[in-house]
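Since the structure comes first, as structure tokens, the remarks are kept for the end.
The values are calculated or read from the model by the stated rules, or taken from the named source; none is laboratory data. Remember, predicted model here, so these are calculated numbers, not experimental data. Every residue, glycine as well, gets a Cβ built from its backbone with ideal geometry; the counts of neighbours run over all protein chains shown. These accessible areas exclude ligands, DNA and RNA; they are computed on the full protein's heavy atoms, side chains included. Shrake-Rupley method; radii C 1.70, N 1.55, O 1.52, S 1.80 Å.
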Amino acid sequence: MARLPVIVGFGGINSAGRTSSHQAYRRIVFDLLPSSIQQDVLLDLATITNMAEHKNGLWYTNGGEALDAAALIDSIGESLLARTLIRRIHPSLFDVDHVVLHKSTTLQSSHSEEKLSFTIKTRSLPNDRPTNWQVTELSDTLSEVVVDGNLETFIKDTRPLSVKAAGQLPTGFDPSKLYQSRNHPRGLQMTVYGASDAIKSSGIDWETIRSKVAPDQMAVYAANSIGQMDDLGFGGMLKSALMGKRTTSKHLPLGYAQMPADFVNAYILGSVGNVGTAIGACATYFFNLEKAIDGIKSGKFRVAMVGGSDAPITPEIIEGFRTMGALAEDTALLALDEITNQEEPDHTRSCRPFAQNCGFTIGESSQWTLLMDDELAIELGAEIFGAIPAVFSHADGHKKSISAPGIGNYLTMSKAMAYLQNIIGNDGLTQRTFIQAHGTSTPQNRITESHVLSKAATSFGATDMPVVAMKAFLGHSQGTAGGDQLHLSLGVWKDGILPGITTSNAVADDVYQDGLKFQLKHEVYGKDHFDAALLNSKGFGGNNATAVLLSPIQTMKMLNKRYSAEQMSDYQAKNADVVAAAEEYNQSAIRGETLPIYKFGFNVLGGEELNITDQEIRLPGYDMPVNLNIENEFSDLK
């Protein structure tokens, strides 16, 4: 009997805000929410962006004015909304109008009879001096250089980027200020915040979970798709010498793509369990999710944290994608809308999945999913937000262009539909399932992905399966995009609203629509309308994955068949306390009263502290031992 992997916590941060308690989802469907929930969303953004502080029951603006919640929202509500979702890149990341570069040039004297000369700090003289240089020491610190001929050099300059929009984290949010970040790259700062948010969102103290699970029955699978490429990670290592700076001891180790998993193990959970990093471009999150799902189903471990943290909004990465023709440039967006009387487009509509479009919009995000097997979740009274019974991943086979799409996604989507049909029947699949598309907003994606979805849908008899695409609001956070899709899909079962692709005015003529209903407006379906969702990803290099997500109602319907009425009654009693604790955390986060978990140097163990026998290993701080009675699956080969 396979164990069912259920979602018991989720959290993180993206351009819509904090993910836990559906805050980011609610920012997207904001206009359709009741005023009380809108207020919570805005207050949460106020503290995240440091626009207000809560003290003694009142809200204080940056100017020191004390207001009640309603007055604060009236005062700064529109400004808070403008600090979220896709928008013009804010100078807090970098100045898109003045990106530094160096131009190669040759200097020569303006008078043919004279030699070029200049004064320089002696310590700045190159070790390997050109043969046509004559150096004269002027003082203890200065030297004069006379050049016999030409001088090859670089001149510092700036230029504007042609891509100026991104799905940046809410303006004013700075994760480095929330803990002792010690020059961590931005993606790892986001990891500390996002993983902490996921753990606390569960309403169950991590020590309680750890007391029920053996040390080797935990797992953490996480990654980003490119590595930490900002100046505090690989980016700094690669360009420091060319910028006249020194490489630090942190540039290389903190740049690795597996660092999000390592940080969660070392500084948040203290886990010694299974660990791994699967990287597959845009499908990275789902690849790691697949490893966790398979491990829980098989009983290899009982609790898993799956995550990703990508911070790719850097000039270098943007330029890399731009030269591929992958990003939406300002001039192309203006041409798309036939606008000639303004310099910049409406950046909030840069990403238009399945419409007339011209490229994707890059985004940043840190997303984390806490999973348990169903038995542990029932025992602890965990809030069950849904279940992920399977993830399917396939490559494209032979290709010409490594970045071009291929056939692998047909396999993943068709297998996911077939699997889901076996769980909820054909009516459940074709009438009560929505598709969370990859939806990058490139002309190629709108054709190729729509054909995949249409072909699979019609093969199973669907006529109007709803299709949505979260990148319209968040941008493309690369390896973490699957986490964005997963967590924002959960909100549909909380508030009953299916987010539409509202940045797209109409479906493009070359998009395949048979069997599908491209959702261009937010629509209220109700909390119990959908039984499931299919989450799709098509990545560079032939990395394709489709995840099956079951609704919380469908999940509980299945668990009621596995557990007795008495067991479920006991579960409900425990669950009430868990739900209350989770909401207490949510309100504390809204007021800005909670900080990330960061346990640097906490309970560090050495080998001499372990109690090892031939039967088990006992670790200080863990209630349960590591069992060494390990089965030999190949006993028939003895």
Per the 1/(1 + (r/R0)^6) rule, R0 = 35 Å and r from the Cβ atoms of S92 and K121, FRET efficiency to 0.05 is 0.60
Per residue, accessible area of region 567-638 with a 1.4 Å probe, heavy atoms of protein chains only, in Å², comes to 71 Å²
Would you mind calculating the gained length between S249 and V146 on full extension (0.36 nm times residue separation, minus the Cα-Cα distance), in nm to one decimal? 33.4 nm
Measure out, as a whole number of angstrom, how far apart the alpha-carbon centroids of region 251-304 and region 388-424 sit. 22 Å
The chain: calculated mean residue ellipticity at 222 nm from DSSP helix runs of at least 4, using -39500 (n - 2.57): -9500 deg cm²/dmol
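Counting only heavy atoms of the protein chains, get the accessible area per residue of region 137-205 (1.4 Å probe) and round it to a whole Å² value. Spell out each step's value before the answer.
Working: 2890 Å² over 69 residues.
So region 137-205 comes to 42 Å² accessible per residue, rounded to a whole number.
Dipole magnitude of the chain about its Cα centre, charges +1 at Lys/Arg Cβ and -1 at Asp/Glu Cβ only, in debye to the nearest 20?
680 debye
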Pairwise FRET efficiency - E616 versus D636, Cβ, R0 = 22 Å, nearest 0.05: 0.25
Taking the mean number of other Cβ atoms within 10 Å as a proxy for protection, how do you rank 320-331, 227-238 from highest to lowest? 227-238, 320-331
For region 76-192, what is the charge dipole size about the Cα centre, in debye to the nearest 20, if Lys and Arg each add +1 at the Cβ and Asp and Glu each add -1 at the Cβ? 860 debye
Normalised by the number of residues in region 399-470, what is the relative contact order in percent for Cα pairs under 8 Å and 6+ residues apart? 40 percent
XL table K212/K300; K297/K527; K300/K599; K527/K561; K300/K574; K494/K561; Cα-Cα > 18 Å flagged, in table order, is K297/K527; K300/K599; K527/K561; K300/K574; K494/K561
Label point distance in nm, N183-I155, each placed 7 Å from Cα along Cα→Cβ: 3.3 nm
Answer in debye to the nearest 20: the dipole magnitude of region 359-438 about its Cα centre, from +1 Lys/Arg and -1 Asp/Glu charges placed on Cβ, is 640 debye
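With a sphere of radius 15 Å drawn around the Cβ of P596, what net charge do the other residues whose Cβ falls strictly inside it have (Lys, Arg +1; Asp, Glu -1)?
Charge balance near P596 sits at +3.
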Per the 1.4 Å probe, what fraction of the accessible area of the chain, in percent, lies on carbon and sulfur atoms? 49 percent
Cα to Cα, under 18 Å, and not fewer than 8 places away if on the same chain: which lysines meet these conditions relative to K455? K415, K517, K538
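For region 1-112, what is the accessible area per residue in Å² when the probe is 1.4 Å?
The answer is 44 Å² per residue.
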Ranked highest first by the average count of other Cβ atoms within 10 Å around their residues, in what order do 397-404, 467-474 fall? 467-474, 397-404
Given 0.36 nm per residue, what is the gain on full extension from S36 to V579 after removing their alpha carbon distance, in nm? 193.6 nm
Subtracting the Cα-Cα distance from 0.36 nm times the residue separation, let me have the gained length for Y563 to T331 in nm, one decimal. 77.6 nm
Restricting to bridges with both residues inside the chain, how much of the DSSP beta-bridge set is antiparallel, in percent to the nearest 5? 75 percent
Hey, can you rank 629-636, 493-500, 14-21 by average C-beta count inside 10 Å, highest first? 14-21, 493-500, 629-636
